[in-house]
Structures are given as structure tokens and as C-alpha cells.
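Report on the following structure.
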Amino acid sequence: MTKPDMLDFKGVPLEKSLEKNLENIRRITGKSSDLLENPIIINGVKCNLICYEGMISTSTITELILHPLMNIDIGQDHAPEALLSHVKNHMLMTIDRGFSEDYGDLIRRAMSGFAILLIDGVAEACAFGVQGYAVRGIDEPNGEGNVKGAHEGFVEVVRTNMSLVRRRMKSPLLRFELFPISDCSNTDVIVCYMADRVPKETVESIKKRLKSIKLETILGSGYIEPFLDNSKLSLFSGVSVTERPDSFCGKLLEGRVGIMIDGTPYAIIVPYLFIENFQTMDDYNMRPYYAAFIRIIKFAAFLLAIFLPGIYVAAATFHPEMFRYGLMLKLADAEKDAPLPLMAEAIIVMLIYEVVREAGLRLPQNVGGAVSIVGGLIIGDAAVSGGLISNPLLVAVALAVTASFVVPNLNQPVTLLRFICVIVGGFWGFFGVSALAAVVLVNICSIESCGIPVTAPLSPFTLKSMRDVFVRLGFKTLEKGHADIGNMTGSNYGRNGHFDEQ
Amino acid sequence: MNSNSFFGGRISGAQTVCLLLICSMFSLMTMPPDENIGFKVQLAAAAVSALIQAMIAIPLVMLLSPENGLKRGFWGIVCRILYCIFFLAISANVILESFGFLEKQFYRNAGKIGVCITLAVLCGYCAFLGIEGLARSSAVMLTVLFIITIALILPSVGKADMSVFMDRSFVYSGQLPKAVYKDLSRGGEIVAAGFLAGYSKENIRKPFYTFIAVKLLVTCGIIFAVGAIGGRFAYITDYPFMSLSAFADDVLFGRTDAVFMAILIISGIISAAFYLLIASELICGIFDVRDKNVLLSFPVSAVLCILLTFADGYAKYLCSGVPIILLFTVIPLIIILLNRRKKEASR
């Protein structure tokens, strides 16, 4: 065998000689300081147990691997094949174990927290899963908090996330398919779905798309999302992201495919419907009438978050007749001393807010609070009392900004559209706002996710699925047949909605 | 009429109805009043016009199925050019109507260049997003339109006066044919209906007849509401439908004219984008453009549409009266005859 090249070692078979194998591994890893080599002699055969420091649990490796290995006794037979056969067939040691025949697989396993046993004389290595790296504990999700639902969120370790899902879905139809993607980082990705509810073609198409990703590393769900998103020139995405295992399971049950990525607590879900932005786990834990009320509030909040400042600017600048007489006088009185045009005022207020928000996000939590006080109280109060900004405008912007947090998934497009709405409203009044609304409407309606229109079940209309859109009907009604996403009107799920075809 | 859709996309029967309805709603909302035609006659004319459309126009349009429709060859290209000019003109006309409405009702000093170019670019973009996006958004918009119309009409119900429907002074002989002709000449969407066959997932017959029926209902409803609430005022205002907002005593707003404007602009953009999409498709057919080059047809049609908005006299003429009636009756007949002759010759 030729010595494997530093970058081209994948698929190169292992040598029989332990020395050569170790030499090649050192060559591949560049004698990295965290690579641990533990030479041992087992039943008279030279072996080496290699692992990466910090990736394994020392107590587990001592108890489950080293101790049993040192006590192996297979008599006078010192043949390496006999030792390998014994380890393979008579010793379980860890639940998660495998056998590598090439350097690519061996290195990937070692770097994933496996202990690799190399035996002199055989071109195969045993890999034992003894992961023990430091992980963040399961915690309440940051962006999707709720009142009455579970308080568990995904963590950065994909295998823990897998267990969080499995614990909630004890069904043999729930399938996890784990494979590494990205040539450089070899990030573990899990494609997760209910076998009876997702067309095979869709799963294959998603897997094919994931495997074709050529990025050097995958450090977050945002790296993968664009590869699963078919929305063309759109502010809105065709994929959704969640950090809640319960919500994830709910989506799987509706026939969607979930993608979990190692190193991020966010799981991707495709296909995605626009209506999902307005659904939370709390909706299903509250009384239906209250859940319906909250849903309608969320829809209203979404519209307010985009259009309120723009409509206020447009109405006050071009269409004051819209306001009732008393209100119009009050607004005129508040605006008369403002030195800037209304549109400029609105943009300044919104920019101040964005700056304060961004500063609050990036700074340490303690300082972040101080920034909020400076931004909210000092700048805000001073600007109003100094007559730079009018009170009604401040109310409109504050209400819009607060409303945008009601639908956190849509925060990015909503923020941008709010600015655009103020600009077009300031220049062209209601004409500009309505033209923007038309384009946004057509834009959202044109997006498809895995062959399903994101505006379903509203348009195309599916009566059965409407039981969980504006209102959430009681579970006694919902239990009468599940509403699979693939059964919606206009759905091409599993037919021509594949990524490869688009 | 288009046998092979260049842009792909499939819409359902219900979406076909919604798309056609949103186009006719726009023309209904901008319908100018005619002092010489009474409301009773308008109602009768709507019924007669629907009958003519159902009995003559729709069967003709449907005869031009994707298999028998516009073929390549000299006459096919000539027909495509004619229809393309018509659809560019009708989209330009929608933009001009929107501009006229804005100028008359809201912005006296609105610049025609800015408004028309903005609208044409937006319509071009919406057309680029595809027939499915337009069809789905038309369904949403139609629902919104319905709710707003009800909200506009309900507060004014108390002011309804039926006397205009009893008044005989508005009726004289010759009113009805004139009103029917006027109604038919607003039927650009009937011509467009033929081109929807290529996009439809199902048999187009049922959606077309449903559209005619719903359109008749909506037209009668609007004429009735305008007549009963607006009364004689509806004859002297430029936009009778919008005048309803003047009568509405709303609890939230002082006046709801701007709300009306919003729905008119959104409907206008969707319908103009739909016509532009068909024009773009026809451009691809004329030049036999394939693959990714089809995307070029959108900016081309948007630019041609902008140019037509500046030749507003021609744009208005091309999509009104005689040209529309020719396009949904005579030209389809000629195409059928030509196709039959070709078939016989090939036998």
C-alpha cells in the first residue's frame, strides 16, 4: 500500500501491520496533541488503543474497554485473527461499536468519541463508542418558550437530540438515518421521519441533496437551510427550524422530514407551511377557544409588525381623512412640532431600536440590561421630550416591534419589510403600502416546500386541515383522522416536489 | 390555446375561477358610470352578457384545447402576435386605470412615469413568480376583497333606497344592447381564460361556467349595492363602487377610501401580472424560446407594457369593445378552421 496522502485518506484500506497503521494515522493527523495512543499487549498480541482526548469518558473506557481487554484469555492461540474474532463475537463492551476497514472511517469514528483498537496483524480496527465530551445540559429552549408545554429543548449533541425524540415517539415507524456530510468537518446529520407518512422519494431526495453539500464545515442549521429551500428571490424561507423536541415530533407525525445536525440545537423541518409560524405548543395545551383567540392575535400581530408604522406614516402624510376627526386633531397636534418628516422620524426610531436590540444581544447579559435602559429610557425619553420624535409615532413603532416578537420565526423578513413599508408609505402613501402588500402576498404564495405550497391549507384550500389554522379544534375532533401534509389540496409531496428536479 | 406551457405550473379549477374573478373584479371596481344606462338595465345587461359569454365565448375558447390550439407556422405566429399585443395592452390598461384612479382620487400631482414604471416592474416580478403564486394570491385576495366589500356595504344598508330601480325615466329603447356591448367589451378575462387551459390540472369546462355564474352574481350584487346605496350620486362619480365608502359610517376610520384604494391596487397588480404572464408565454411561443432564456420574456413584456402605457390611446382601444369581441369569437373560429383545413390536407 502507498502511504495515504494527508488529505486523501478516505477509502484507503488499513494495513495489517500495527506499526504501519500507527505511522499512517500519525501522518494523517499530523501527530495532533489530542490524539492518544495506548499500546497494550492482549493475550500476547501487540495492540494499540487510540482515542481523542476530551472526546471520551475516561471512567467508561477504563471500566468497559481497558479492564475487559486486559483480562482476555483465549489460551495459547496468539493469532491476531483469533483475538479480533473473540472481541467481535464474545465481547460486547459497549452498545455502540463498529469495525473500520479504512482510514476514513477510522478517523471519523475516533473524532466522534470512539476508542479504536488496532491489532497487529489484522487490517481491521474495532471501534467502541465511549463518548464523554462536555455537553450543555438539556434546557428550556430560548426562542420558543411556552407556559404549559414541556420545558426541554434540543442540545448541541445530535445523539442526545435523537433520544429526546425517541422518548416521545416510541414507534418502530420512526426512522433515524445518520450520515456525515461536509468533506472537511464530517458533521453528523440525522434525517428523521415516520416511514409510513413520508414518500420514500422525498427522503431519498433530501438525503441526496444533503450529501451533495460541498461546504467545508456545517456549524449551524443556517448552513444547510439554503440547500433545502426552493423559494426563489424571496424574503420568506421554505424551511422551518425548531429547538423543541415536542414540536419536532408533532411535525414528524404530520408527515414531514426532520434534519438534526450535530453541534446545533436547531433542527430543520421540511416541508414547511407559513401557517406554522403562528402555531406554538401552548396552543395545544390551552382550551381551544383561548388557543383560537391567541392564534388570531398572532395573525394580527404579524400584520401590525409589518404594516403599522408604514400605514401610520402613509395615513398621516397622505390620507389624514382616514382618521376620525378627534383622533386626527390629536395626531396633528403631536406632529406639529416635530422637526423631521414623518417618514424620517419613523426610520430613525426603528434604526435606534435595531441598534439597541443588536447591542443588547451581543453584549454580556448584565451590560445588555444597561444598554436597554440607555436605549429605552434615556434616548427614547430624551428624543420625545426634546421634540425630536412624536409620541404617536413612538407608540406605533413600539407596538410594531413588540408585535414582531409574537411571531419570532418571522422576525427577519418582518423587520426588513417594516422598513420598506415605512419608506414606500412615506413616498407614495397607501399606494406604496398596497403595492408592497401585493408583492409580498404573491411572493409568499409562490413559495413551495418539497412540492407543497407554503400557503396551504389556506390557498390552496383544504377544509380538513383548517381545523388547526385560525382556530384549533378540540382533541376529540382532531383525533378523528390525522391531517397528513401530503394529503393537502395542491400538494405534490413525493411526486414532483423533489429537490433534484427543481 | 397554448399547448405547451413554457413556465410550467399547474392550478386547480377553484384557483382558475379565483384568478379570473380577481381580473373581473378589477374591471368592475373601475367601471365608469353611464348616465344613459339605468341600474335595472345594467342588471339585465349583466345577465344577457353572461349568457352570451356562456353560450358563445366559452365554448369557442374551450374548443381551442391544448391539442388543437395555436400551432406553429405562419398563422399560428400571427395569432400569437395578436394575442400578445392584446395582453400587453390589457395589462398596460390595468396599470393606466390604476394610475388614473390614483390621480383622480388621491394624488393630483402623481407622476405618470413613476407610477406606471413602478407598477409594470412589480407586475413583471409577480408574473415571474409564476401562475401558481398568482392563482393562490388571487384566492386570498378575493377573500379579503369579499370581507372588505361586506364591511363597506353593511354600515350603509340603512341608507339603501330602491327608488332608482323603479325609476322609468332612465329606460329608453336601445339601452340594453348598448349595456350588453359595454359589459362584453370589459371581458378581457374571457380571452385570458382560453390561455388558462394550458395551466389547468383538470377539465376547464366546469371552472369556466362557475366563473361566469359567480361573475354574474358579483356584478349584480355590486350594481345593486351601488344603485341602492349610491343612488343617483353613482351616475356622477367616476368610481361608483368606491363611492360606497363615502356612505359608510365606520366606527374605526373617518373614511375608508384608502382601504378601497389598497384593494384596488392589489387586485390590479395581480390581474396585470396575470396578463403579463400570458404575454410573456406568447413571446416565448413567437420566438420559440426555450430553457432558461424564457426568463428574459418577463423583462421584455414589462418593458413593452411600459411603452404601451405611454401610448395610452392605443392601449385603451386595443383592449376594449371590438378587439375583445374579435379575440374571443372570430379569431378562435379562424384558428379552428385553419387547424381543420390542415388536418384535412394532411389526410
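The values are calculated or read from the model by the stated rules, or taken from the named source; none is laboratory data. Note that the structure is a prediction, hence the values are computed from the model and not measured. All Cβ positions, even for glycine, are placed from backbone atoms using ideal geometry, and neighbour counts span all protein chains on display.
Brief remarks on what is shown
Conditions tested, residue by residue: (1) touching a helix residue (DSSP H, G or I) at 6+ places or on another chain (Cβ under 8 Å); (2) under 25 Å from A:Ala291 (Cα atoms); (3) aromatic (Phe, Trp, Tyr).
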position: A:Phe114; (1), (2), (3): no, no, yes
position: A:Leu117; (1), (2), (3): yes, no, no
position: A:Gly137; (1), (2), (3): no, no, no
position: A:Val147; (1), (2), (3): yes, yes, no
position: A:His151; (1), (2), (3): no, yes, no
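- Qualifying positions in segment A:315-331 - surrounded by 21 or more Cβ atoms within 10 Å (Cβ to Cβ) and more than 8 Å from chain B (Cβ to nearest Cβ): A:Ala316
- Matching residues in segment A:389-425 - criterion: being within 13 Å of A:Ala334 (Cβ to Cβ) and of a type in the set (A, V, I, L, M, F, W, C): A:Ile389, A:Leu393, A:Leu394, A:Val395, A:Ala396
- Residues (among the aliphatic types (A, V, I, L, M) and in contact with a helix residue (DSSP H, G or I) (Cβ under 9 Å, 6 or more places away or on another chain)) located in segment A:153-168: A:Val155, A:Leu164, A:Val165
- Qualifying positions in segment A:362-413 - more than 18 Å from A:Ile311 (Cβ to Cβ) and of a type in the set (S, T, N, Q): A:Gln365, A:Asn366, A:Ser372, A:Ser385, A:Asn409, A:Asn411, A:Gln412
- Index of the failed condition, A:Gly490 passing every other in (1) on the phi > 0 side of the Ramachandran plot; (2) away from every other protein chain (no Cβ under 11 Å): (2)
- Given (1) farther than 30 Å from A:Leu473 by Cβ; (2) away from chain B (no Cβ under 12 Å); (3) in contact with an Asp or Glu (Cβ under 8 Å, 6 or more places away or on another chain), index of the condition A:Thr280 fails: (1)
- Here B:Leu277, B:Leu244, B:Leu217 are screened, and the one residue that is surrounded by fewer than 18 Cβ atoms within 10 Å (Cβ to Cβ) and more than 10 Å from chain A (Cβ to nearest Cβ) is B:Leu217.
- Listing of helices (runs of 4 or more DSSP H) fully contained in segment A:1-96 that carry 2 or more residues being crowded, with 17+ Cβ neighbours inside 10 Å: A:18-29, A:80-90
- Residue that is modelled with the highest pLDDT [pool: residues in segment B:46-76 that are among the small types (Gly, Ala, Ser) and part of a loop (DSSP other than H, G, I, E, B)]: B:Gly73
- The listed residue being more than 20 Å from B:Ser24 (Cα to Cα) and buried (at least 19 other Cβ atoms within 10 Å of the Cβ), out of B:Ala228, B:Ala234, B:Ala193: B:Ala228
- Elements of type helices (runs of 4 or more DSSP H) in segment B:181-271, at least 2 residues being among the β-branched types (Val, Ile, Thr): B:188-196, B:205-225
- So A:Met350, is it part of a helix (DSSP H, G or I), touching a Ser or Thr at 6+ places or on another chain (Cβ under 8 Å) and in the same structural domain as A:Phe430 (by TED's automatic domain parsing): no
- Among the residues making up segment A:232-272, those that are among the acidic types (Asp, Glu) and at pLDDT 90 or above are A:Glu243, A:Asp246, A:Asp262.
- When B:Asp291, B:Asp312 are checked against the criterion of being away from chain A (no Cβ under 14 Å), more than 20 Å from A:Val442 (Cβ to Cβ) and without any contact (Cβ under 8 Å) to a residue 12 or more places away in the chain, a single residue qualifies: B:Asp291.
- The one condition in (1) outside any helix (DSSP H, G or I); (2) away from chain A (no Cβ under 14 Å) that B:Asn109 fails to fulfil: (2)
- Filter result (crowded, with 18+ Cβ neighbours inside 10 Å and at pLDDT 90 or above) within segment A:141-156: A:Gly153, A:Phe154, A:Val155
- Residue match in segment B:138-149 (condition: over 28 Å from B:Phe211 (Cβ atoms) and in a helix (DSSP H, G or I)): no
- A:Ser240 being of a type outside the set (A, V, I, L, M, F, W, C), farther than 30 Å from A:Arg159 by Cα and not assigned by TED's automatic domain parsing to the domain that holds A:Thr415: no
- Only residues that are β-branched (Val, Ile, Thr) and under 21 Å from A:Asn230 (Cα atoms) were counted in segment B:118-139, giving 1.
- Residue, nearest to A:Pro413 (Cα to Cα), within segment A:452-466, restricted to residues that are crowded, with 23+ Cβ neighbours inside 10 Å and more than 7 Å from chain B (Cβ to nearest Cβ): A:Val454
- Which numbered condition A:Met93 misses (of (1) on the phi < 0 side of the Ramachandran plot; (2) touching a Leu at 6+ places or on another chain (Cβ under 6 Å)): (1)
- Among (1) surrounded by 13 or more Cβ atoms within 10 Å (Cβ to Cβ); (2) touching a residue at least 40 places away in the same chain (Cβ under 8 Å), the one test that A:Ala134 misses: (1)
- Residues located in segment B:131-157, provided they are facing chain A (nearest Cβ under 9 Å), in contact (Cβ under 8 Å) with a residue 60 or more places away in the chain and hydroxyl-bearing (Ser, Thr, Tyr): B:Ser137, B:Ser138
- Any hit, segment B:318-340, residues being without any contact (Cβ under 8 Å) to a residue 12 or more places away in the chain, aromatic (Phe, Trp, Tyr), farther than 30 Å from B:Ile147 by Cα and part of a helix (DSSP H, G or I): no
- Among the candidates A:Ile213, A:Ile190, the residue that is touching a residue at least 40 places away in the same chain (Cβ under 8 Å), surrounded by 14 or more Cβ atoms within 10 Å (Cβ to Cβ) and of a type outside the set (Ser, Thr, Tyr) is uniquely A:Ile190.
- Per the listing A:Gly429, A:Gly481, A:Gly387, the residue uniquely crowded, with 23+ Cβ neighbours inside 10 Å and at positive phi is A:Gly429.
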